[in-house]
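The values are calculated or read from the model by the stated rules, or taken from the named source; none is laboratory data. Not measured: the values here are computed from a predicted model. For neighbour counting, all protein chains shown are included, and Cβ atoms are generated from backbone atoms with ideal geometry for every residue, glycine included. Heavy atoms of the whole protein, side chains included, go into the accessibility calculation; ligands, DNA and RNA do not. Shrake-Rupley method; radii C 1.70, N 1.55, O 1.52, S 1.80 Å.
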Amino acid sequence: MILVTGGAGFIGSNFVLDWLAQSAEPVLNLDLLTYAGNLGNLAALKNDARHVFVRGDIGDSALLARLLSEHRPRAIVHFAAESHVDRSIHGPAAFIQTNVVGTFALLEATRAYWSALPKNEQAAFRFLHISTDEVYGSLGNDDPAFSETTPYAPNSPYSASKASSDHWVRAYHHTYGLPTLTTNCSNNYGPRQFPEKLIPLMIVNALAGKPLPVYGDGQNVRDWLYVGDHCAAIRVVLEKGVAGEVYNIGGNAEMKNLDVVHTLCRVLTALRPGRDFASQITFVKDRPGHDRRYAINADKIRRKLGWQPVETFESGLTQTVRWYLDNETWLTNITSKAYQQWIDLQYAQQ
Ligand code: NAD
Ligand code: TYD
């Protein structure tokens with residue numbers, strides 16, 4: 001079996017669903033169910049004995065030791081994190097706690113478990129750490145895209161905490177020989193993303209007739225990857241990746257935020273004819289320290305492991321919008337009081 005952390009969140013739940021759709025191998029899913037984790041994401045697995053869910057903290061060493069010795073996973077895929085840049089600006093402490101201290105606790109528990117495995121199981125074991133392209137900092141318009149050797153230059157509390165966790169993972173491979181893999185991925189979008197991130201927030205606001213808040217001049221650039229493509233890349237890295245290596249994952253879809261929002265409005269109008277969603281676009285105060293451009297050079301994973309994205313931005317976005325339109329109950333459950341408090345805090349003065 002494999003242990004997945006953060007498997008009730010956006011990417012983690014998509015990964016668990018895809019994994020169990022394609023493989024008979026069971027998943028032990030450890031998730032604290034913070035505001036970002038939602039068991040509704042895994043409702044399809046309710047009666048599936050291959051999915052074992054445990055609510056718990058990756059920082060809980062005793063729990064980790066017990067789960068590892070009871071379930072004896074052959075691999076760990078580590079998604080659990082605080083993941084939203086704007087929240088990291090309002091409250092960075094949780095990012096250190098989960099992303100740095102939590103990852104450290106997970107590495108320590110894994111090292112103890114892995115060290116006691118028979119030699120052949122030690123060699124086959126993998127610890128796959130899911131990280132972000134944001135650790136590389138911000139690019140100018142003409143700079144080459146981030147590669148695996150781009151120096152780290154994190155600019156937000158979120159990216160600083162992820163950079164730190166990447167370094168810990170690297171050190172555990174280098175010092176103890178733990179067979180780690182790290183992936184640094186660009187911005188994901190798709191079903192089950194919490195509506196605090198750009199694309200789902202814009203979908204929710206558009207449908208509700210609310211303003212579509214574009215930060216600053218809307219010219220910041222991100223590379224966008226459909227979550228299903230990301231999950232496929234993770235499976236390939238887990239299966240064929242070389243221990244100790246880093247793989248960048250991207251969607252070949254660099255876009256300015258304003259263009260993303262206009263494309264989204266077009267897709268929405270195609271699916272809900274008669275409404276001019278673009279008229280809801282509003283420019284609001286910029287994010288402090290807002291990184292200007294991210295871009296990913298994903299040549300290594302394509303050349304070495306044969307992975308490349310299947311979806312274009314238009315095809316992935318259309319599937320995403322359809323999913324949100326078809327899953328109103330999911331959205332109603334998600335947009336709770338806590339969600340409203342976040343939206344009030346983040347967008348009030350803007
Ligand atoms: P998310 O915020 O949607 O989900 C995070 C999950 O982790 C939630 O289910 C939450 O309950 C759980 N969690 C948080 N703290 C925990 C703790 N202490 N112990 C156990 N579980 C805990 O995040 P996501 O967008 O799915 O991102 C998953 C991973 O991928 C993160 O590591 C993130 O840094 C990375 N990543 C995300 C993106 C993106 O665009 N979303 C891009 C690149 C990399
Ligand atoms: P986000 O989805 O928060 O991802 P990240 O900051 O990790 O890249 O934001 C994506 C881009 O969209 C980023 O440049 C900030 C911008 N943005 C807005 O313009 N308005 C919003 O309401 C949000 C949430 C983001």
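Structure data summary
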{"quantity": "Which listed residue is out of contact with any strand residue (DSSP E or B) (no Cβ under 8 Å at 6 or more places or on another chain), without any contact (Cβ under 8 Å) to a residue 40 or more places away in the chain, away from ligand 2 (no atom under 15 Å from the Cβ) and not small (G, A, S), from D326, D299", "calculated": "D326"}
{"quantity": "Residue check, V284 touching a residue at least 12 places away in the same chain (Cβ under 8 Å) and away from ligand 1 (no atom under 16 Å from the Cβ)", "calculated": "yes"}
{"quantity": "Residue count, region 10-26 (criterion: closer than 20 Å to T329 by Cα and open to solvent by 10 Å² or more (accessible area, probe 1.4 Å))", "calculated": "4"}
{"quantity": "Search result, residues across region 74-102 that are of a type in the set (A, V, I, L, M) and in contact with a Leu (Cβ under 8 Å, 6 or more places away or on another chain)", "calculated": "A75, I76, V77, A80"}
{"quantity": "Region 222-235, subset open to solvent by less than 10 Å² (accessible area, probe 1.4 Å) and not in a helix (DSSP H, G or I), residue farthest from ligand 1 (Cβ to nearest atom)", "calculated": "D223"}
{"quantity": "Matching residues, region 31-82, being closer than 24 Å to L117 by Cα and modelled with pLDDT under 95", "calculated": "none"}
{"quantity": "Which listed residue, of E121, E134, is under 23 Å from I11 (Cα atoms) and among the acidic types (D, E)", "calculated": "E134"}
{"quantity": "Residue list for region 236-245, restricted to those being within 15 Å of ligand 1 (Cβ to nearest atom) and assigned to a loop (DSSP other than H, G, I, E, B)", "calculated": "none"}
{"quantity": "Subset of region 51-105 (residues that are over 19 Å from the mean Cα position of the chain (by Cα), in a loop (DSSP other than H, G, I, E, B), more than 12 Å from ligand 1 (Cβ to nearest atom) and surrounded by 15 or more Cβ atoms within 10 Å (Cβ to Cβ))", "calculated": "P73"}
{"quantity": "Matching residues, region 192-221, being open to solvent by 10 Å² or more (accessible area, probe 1.4 Å) and either closer than 16 Å to L268 by Cα or part of a helix (DSSP H, G or I) (or both)", "calculated": "L198, V204, N205, L207, A208, G209, K210, P211"}
{"quantity": "Only one of K197, K162 that is touching a strand residue (DSSP E or B) at 6+ places or on another chain (Cβ under 8 Å), farther than 24 Å from V236 by Cβ and of a type in the set (D, E, K, R)", "calculated": "K197"}
{"quantity": "Residues located in region 1-43, provided they are of a type outside the set (A, V, I, L, M, F, W, C), within 13 Å of ligand 1 (Cβ to nearest atom) and touching a strand residue (DSSP E or B) at 6+ places or on another chain (Cβ under 9 Å)", "calculated": "T5, G6, G7, G9, G12, S13, N14, N29, D31, G37"}
{"quantity": "Conditions (1) more than 11 Å from ligand 1 (Cβ to nearest atom); (2) open to solvent by less than 50 Å² (accessible area, probe 1.4 Å); (3) of a type in the set (V, I, T): number failed by T183", "calculated": "(1)"}
{"quantity": "Single residue of region 236-249 satisfying the filter (open to solvent by less than 30 Å² (accessible area, probe 1.4 Å) and within 21 Å of Y152 (Cβ to Cβ)) that is farthest from the chain's Cα centre (by Cα)", "calculated": "G241"}
{"quantity": "Check on A160, touching a Ser or Thr at 6+ places or on another chain (Cβ under 9 Å), within 14 Å of ligand 1 (Cβ to nearest atom) and within 16 Å of G289 (Cβ to Cβ)", "calculated": "yes"}
{"quantity": "Options A153, A105, A112, A123; residue that is aliphatic (A, V, I, L, M) and within 16 Å of ligand 2 (Cβ to nearest atom)", "calculated": "A153"}
{"quantity": "Subset of region 27-50 [within 19 Å of the chain's Cα centre (by Cα) and open to solvent by 20 Å² or more (accessible area, probe 1.4 Å)]", "calculated": "L32, L33, T34, Y35, A36, N38, L39, G40"}
{"quantity": "Hits in region 137-161 (condition: open to solvent by less than 10 Å² (accessible area, probe 1.4 Å) and either hydroxyl-bearing (S, T, Y) or part of a helix (DSSP H, G or I) (or both))", "calculated": "S159, S161"}
{"quantity": "Search result, residues across region 270-301 that are open to solvent by 50 Å² or more (accessible area, probe 1.4 Å), small (G, A, S) and more than 26 Å from the chain's Cα centre (by Cα)", "calculated": "A270, G274, S279"}
